[in-house]
Amino acid sequence: MTGARTGHAGTLDPFATGLLVLLSGRATKLGQRLVGLDKRYLTEIDLTRRTSTGDPEGDVVESHAPPGEDELGELLERLRGEIELPIPATSAVKIDGERAYKLARRGVDVEMPVRRSMVHALEVIAYSGETVTLDIHVSSGTYIRSLAIALDGHCATLRRTEVGPFSVADAVAPETFTAARLLSEPCVLKRVEAARARPGV
């Protein structure tokens, strides 16, 4: 967008929307300083269907009645704090040197490793009985699809709203971006260091 070398500080799933932190020019060397920042997401989870990918792009593998409100509350409580969940099969992690999603596309069944994550906050924003919308603040590397699968459902929508100190509310759409909106390196570093100094960020 600026004509300079450009990188990013973490991809989004193809079906997801929201914040993507881009680094341009000399700032691309700051990428490692942004590794490990917490993330925040808004997701609507379909509680009546499981899919092969944990998101709307996969095939429906099971349909069932949703959990009752009390049962859902118990399930959500188990997903707060430090948790361990299997990484989705359609992820970019490597299994024996090959990306898991490539194995999944070929129909190769593998046992996915478990990842430990910290769910700092998990709040119900809306609940219809068949769907629940959650505002989730998690440690870096957490798969929101894994949380949806743990609820016996799938992510119908997923929007990343924060990466560390950076918020989608302050972001600029690609079509309206100008170089004047770039943050300076000192500003980025100041925000990142302040975020790391706060618990759960």
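We did not get these values from a lab; they are worked out from the coordinates using the rules stated. Please read these numbers as outputs of a predicted model, since none were measured by experiment. When we count neighbours, we look across all protein chains shown, and the Cβ atoms used for this are built from the backbone with ideal geometry, even at glycine.
Brief remarks follow.
- Annotation: lysines with alpha-carbon distance below 27 angstrom to LYS102 (same-chain offsets under eight excluded): LYS39, LYS94.
- With the helix formula -39500 (n - 2.57) applied to DSSP H stretches of n ≥ 4, the chain reaches a computed 222 nm mean residue ellipticity of -5000 deg cm²/dmol.
- Helix 69-78 axis versus longest C-alpha principal axis of the chain: approximately 50°, rounded to the nearest ten.
- Packing order of peptides 152-164, 176-188, highest average first: 152-164, 176-188 (average count of other Cβ atoms within 10 Å over each peptide's residues).
- Under a Gaussian network description of the chain, with springs only between Cα atoms under 10 Å, the residue in ALA150, ALA65, ALA100 that fluctuates furthest is ALA65.
- Under-5 Å amide H pairs with ALA121, H placed in peptide plane, nonlocal only: HIS137
- HN-Hα J in Hz across segment 100-111 - Karplus 6.51, -1.76, 1.60, θ = phi - 60°, x for Gly and Pro: 4, 5, 5, 5, 4, 5, 8, x, 7, 8, 10, 7
- Cα lying deepest toward the dipole's positive end in the chain, options ILE125, ILE136, THR11, charges on Cβ: THR11
- Taking the inverse of the mean 1/r over every pair of distinct Cα atoms in the chain gives a Kirkwood hydrodynamic radius of 18.2 Å.
- Among LYS39, LYS190, a tally of other beta-carbon atoms within 10 Å of each Cβ gives an order, fewest to most, of LYS190, LYS39.
- Sites listed here are GluC sites (Glu not before Pro) in segment 54-117 whose DSSP assignment is loop and whose Cβ has at most 15 other Cβ atoms within 10 Å: GLU57, GLU111.
- Calculated on the Cα set of segment 1-102, radius of gyration then Dmax: 17.9, 54 Å.
- Only Lys, Arg (+1) and Asp, Glu (-1) charged, at Cβ; the chain dipole about Cα centre in debye: 1420
- Degrees separating the helix 185-197 axis from the principal Cα axis of the chain, which is the longest one: 40
- Fluctuation leader among VAL35, VAL108, VAL172 - the chain, Gaussian network, Cα springs under 10 angstrom: VAL108
- Pairwise inverse Cα distances across segment 122-187, averaged and inverted, put the Kirkwood hydrodynamic radius at 14.6 Å.
- Largest GNM mean-square fluctuation among GLY58, GLY18, GLY97, using the chain with Cα springs under 10 Å: GLY97.
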